[in-house]
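None of the figures in this text is laboratory data; all of them are computed from the coordinates on show. The structure displayed is predicted, hence computed values, not measured ones. Note that we place each Cβ from the backbone using ideal geometry, even for glycine, and neighbour counts take in every protein chain shown.
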Amino acid sequence: MISVAEALAQLFSLVRPMEIEEVPLVSASGRTLARAVSARRSQPPFPSSAMDGYAVTDAAPGMTLNVIGESAAGHRFDGTVSAGQAVRIFTGAPVPDGATRVVIQEDVTRDGDRITLGDRLDEGTNIRPAGTDFAENARFDAPKTLSPFDIALLASMNVDRVPVARKPQVALISTGDELVMPGETPGPDQIIVSNTFGLHALLSAHGAAPRILPIARDDRASLRHAFSLIDDADLVITIGGASVGDHDLVAPVAEELGIERAFHKVAMRPGKPLMSGLLGETMMIGLPGNPVSAMVCGQVFVLPVIRAMLGLPAQAAPRRSAPLAEPLPANGGREHYMRAVLDEDGLRAATRQDSSLLSVLSGANALLVRPVDDPAREVGERVDYLPLT
């Protein structure tokens, strides 16, 4: 068996980064920017008013000025403001030439075309200089997963098409005679397949394009047929059949198909039976069949692989730390990812950690990480965890 860190390193060595494609900005949220882009204009492109009020050359308490025009958003005042003059101005409007400040309307009394400034004037200029937000040609760096806030910024930069990494195509294959699809009527010895649906949701939320293939039964012909359907997949993930039992056929069938195996078995709980390699140009990861094991391995291994495929740094999922709300016994010889709940009291590991219990995983919001041979831990000690996403 190899460690989790060693398994990740070998997985990253198999990753082939995705090609770059351009998409409309409206479709770019959640995609990974693959190449830096630059602003096509400054923002604001002109000095603009930060408040509603009057643009003036100078201001002093009690001063009386003549109003000579108006500047509104989208409709600038084309003249120049001189001493003794003012221009009515609104938030976001271009500041007229000659104006050095905007007196807010609350500090002004108006009578026809004349205004009188109040006794207590706001001290600021209330003018946003051109380029306050960003200047033309300002660089927006890559790689980066684009948030809705990034989309707003890119729109303001006048970027209408975005170079992004192509979404990795992921084929998901569940294996086992005991499995039927949700909505079907299972036989007396069958259960509903869950892993492929959970992984499909997980991968979809993190930039991949997964698809669920038909369930492969516990015979070589069925599994070979499933592999024949991977088409243009960049990554094929099998769930179940990766151990060494009489009915665990993924490894031998993959070898018959010419896999260049990277590893088989990782020193972790849950998820020991794990394998990976290359089927021609297609990367393969074989996950364990226990539902929790498959989903935990999705968090620990598959998501970092997807991120690397998208051109993001090839690194383990970032860990955080929090104090324990309850004590923990010593850990054994495998790294343990325990379902846990993080609340205001700290981290609390679930009392039941059996790898078949999806209800416990559904109620968790963190995976508490126990290193190999970690000693017993007391309340208040800080431990590492992975947020569940």
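Residues whose amide H comes within less than 5 Å of that of residue 240, counting only those at least five positions distant or on another chain, are 287, 289 (H built at 1.01 Å from N in the peptide plane). Computed from phi, the 3J(HN,Hα) profile of the range 9-23 under the Karplus parametrisation 6.51, -1.76, 1.60 (θ = phi - 60°) reads 4, 5, 4, 4, 5, 8, 6, 10, x, 6, 5, 9, 9, 9, 10 Hz, with x in place of Gly and Pro.
Placing unit charges on the Cβ atoms of the charged side chains and taking the dipole of the range 40-148 about its Cα centre, the candidate lying farthest along the positive direction among 89, 54, 131 is 131.
Assign unit charges at the C-beta atoms only (+1 for Lys and Arg, -1 for Asp and Glu), then state the dipole size of the range 38-184 relative to its Cα centre in Debye, rounded to the nearest 20.
The calculation lands at about 520 debye.
Charges were assigned to the Cβ only: +1 to each Lys and Arg, -1 to each Asp and Glu. The resulting dipole of the range 19-124 about its Cα centre is roughly 260 debye.
Near the amide H of residue 86, within less than 5 Å, lie the amide hydrogens of 66, 67, 68, all on another chain or at least 5 residues away, with H placed in the peptide plane. Across the options 290, 270, 328, the greatest Cα extent toward the positive end of the charge dipole of the range 248-341 (unit charges at beta carbon of Lys, Arg, Asp, Glu) belongs to 328.
Does the range 289-331 classify as rounded, prolate or oblate by the C-alpha gyration tensor (a ≥ b ≥ c root eigenvalues; a/c under 1.5 gives rounded; else a/b over b/c gives prolate, otherwise oblate)?
Values: a/c = 3.71, a/b = 1.58, b/c = 2.34.
The shape class here is oblate.
Compute the relative contact order of the chain as a whole-number percentage, counting only Cα pairs closer than 8 Å that sit 6 or more residues apart in sequence.
Working: 915 pairs, mean separation 62.4, N = 389.
Rounded, it is 16 percent for the chain.
Specify whether the C-alpha gyration tensor of the range 151-229 places it in the rounded, prolate or oblate class, a ≥ b ≥ c being the square roots of the eigenvalues: rounded for a/c under 1.5, otherwise prolate if a/b is larger than b/c and oblate if not. Taking the square roots of the gyration eigenvalues as a ≥ b ≥ c, the range 151-229 is prolate. What is the Cα centroid distance between the range 155-219 and the range 112-131, reported in whole angstrom? The distance from the Cα centre of the range 155-219 to that of the range 112-131 comes to 59 Å. Shape of the range 1-108 from its Cα gyration tensor (a ≥ b ≥ c, root eigenvalues): rounded if a/c is under 1.5, otherwise prolate when a/b > b/c, or oblate? In terms of gyration-tensor shape, prolate. Each Lys and Arg Cβ is given +1 and each Asp and Glu Cβ -1; about its Cα centre, the chain then shows a dipole of about 420 debye.
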